[in-house]
1. Quick one: count up the residues across the range 57-86 that are farther than 22 Å from residue 143 by Cβ and either among the basic types (Lys, Arg) or not in a helix (DSSP H, G or I) (or both).
2. Across the range 87-143, what is the total count of residues that are outside any helix (DSSP H, G or I) and either more than 23 Å from residue 278 (Cβ to Cβ) or among the β-branched types (Val, Ile, Thr) (or both)?
3. Checking residue 233 against (1) surrounded by fewer than 17 Cβ atoms within 10 Å (Cβ to Cβ); (2) modelled with pLDDT under 95, only one condition comes out false. Which one?
4. When both residues are 6+ apart or on different chains and their Cβ atoms are under 8 Å apart, which pairs have a first residue that lies in the range 163-183 and is under 13 Å from residue 247 (Cα atoms), and a second that is crowded, with 20+ Cβ neighbours inside 10 Å and of a type in the set (Val, Ile, Thr)?
5. If you go through the range 184-215, how many residues are free of Cβ contacts under 8 Å to residues at least 12 places away in the same chain and of a type in the set (Val, Ile, Thr)?
6. So residue 28 clears everything in (1) within 30 Å of residue 262 (Cβ to Cβ); (2) modelled with pLDDT of 85 or more; (3) of a type outside the set (D, E, K, R); (4) in a helix (DSSP H, G or I) except one condition, right? Which one?
7. Among 214, 171, 177, which is the only one that is aliphatic (A, V, I, L, M), modelled with pLDDT of 90 or more, on the phi < 0 side of the Ramachandran plot and not in a helix (DSSP H, G or I)?
8. Answer with yes or no whether residue 254 is closer than 25 Å to residue 143 by Cβ and more than 12 Å from the chain's Cα centre (by Cα).
Amino acid sequence: MKFKFTFLPLLLVSVLPGCAITNSSTDSAAQVVIAEPLQINQQSEIAIARLTEILNRVEVSPQQKAKLFYDRGVIYDSVGLRGLASYDFQRAIRLQPDLVDAYNFIGIHHTQRQEFLQAYEAFDSAIELDQQHEYAYLNRGIALYYGGRAELALADMQMFQLQQENDPYRIAWLYLIENEIDPVVAKNNLRENLDSLDHQSWANNILRLFIGDIGEHEFVSGLTHGVKDHKELIDRLCEAYFYLGKYNLLNNNYNTSSDYFKLALSTNVYEFIEHRYAKLELELIDANIAPTAH
């Protein structure tokens with residue numbers, strides 16, 4: 001299947017409509033891949049309409065109604081309508097207080113809004129109901145990380161990473177959290193985890209980027225390798241630009257980092273954690289830079 005994309009200098013991307021002119025360093029001249037953003041799936045729109053009709057017209061039990069609210073909330077979330085999604089998840093747990101996955105989503109949305117105490121409470125509820133819910137540990141760990149509680153976040157992320165030790169994304173988040181505590185130990189652990197991987201996947205390049213085995217240009221040049229269709233490409237770009245943003249943030253390249261997070265948001269891959277937290281990263285950058293600008 002053919003799909004369209006183009007390479008542009010990051011400096012040029014910064015001056016495209018809707019983007020701020022933020023880069024002034026030579027690092028910002030890196031080539032980036034630009035592809036058509038993900039469009040809302042028509043099936044999602046139809047599913048929302050059908051679930052809404054059932055909720056409005058069909059008599060169902062409270063448990064069934066909770067499941068319908070939850071299912072519609074998941075679809076709302078997948079197309080970026082997070083306010084409507086949060087409302088449905090709240091209605092779902094009022095009808096069925098043990099609906100674990102709804103608490104997980106509620107916690108994610110609180111994290112995105114920097115409502116960290118409410119996020120912790122939601123994830124605690126999910127874990128109390130199901131101690132084997134590994135993604136509740138992931139998402140609580142991320143909330144603790146953004147909430148400035150790296151030591152607590154580390155325990156959750158270690159537990160999550162141990163469930164699939166060969167997953168480079170889990171290793172990447174573990175590294176980001178460990179780096180907040182001890183950068184030297186974090187780099188040593190990252191090297192050990194990278195060397196222990198028994199497979200070659202594109203995502204391993206994220207770890208190579210963080211540890212310095214490859215640079216931005218080599219990382220970006222490999223983004224289209226092995227991609228079979230547009231969906232796979234746009235998913236990969238969402239992930240890649242988020243981690244490029246984190247990489248530049250770790251190196252205090254705030255302007256370049258900001259541009260990469262904007263590129264991650266431009267993919268419209270709303271379901272990925274990389275898209276979920278790119279906006280939060282931008283808000284944190286603005287909050288940290290704004291006081292120094294005066």
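The values are calculated or read from the model by the stated rules, or taken from the named source; none is laboratory data. None of these values were measured; they are calculated from a predicted model. Counting neighbours? That spans all protein chains shown, and the Cβs are built from the backbone with ideal geometry, glycine included.
1. 9
2. Taking the range 87-143 as the starting set, the residues that turn out to be outside any helix (DSSP H, G or I) are 96-99, 113-115, 130-133.
Remaining after also requiring either more than 23 Å from residue 278 (Cβ to Cβ) or among the β-branched types (Val, Ile, Thr) (or both): 96-99, 130-133.
Residues in the range 87-143 being outside any helix (DSSP H, G or I) and either more than 23 Å from residue 278 (Cβ to Cβ) or among the β-branched types (Val, Ile, Thr) (or both): 8 in total.
3. (1)
4. Sorted first by the residue in the range 163-183, then by its partner, the pairs are 172/206; 173/142.
5. Residues that pass the stated criteria total 3.
6. Every condition holds for residue 28 apart from (2).
7. Being aliphatic (A, V, I, L, M), modelled with pLDDT of 90 or more, on the phi < 0 side of the Ramachandran plot and not in a helix (DSSP H, G or I) holds for just one of 214, 171, 177, which is 214.
8. On the way: closer than 25 Å to residue 143 by Cβ: yes; more than 12 Å from the chain's Cα centre (by Cα): yes.
Yes.
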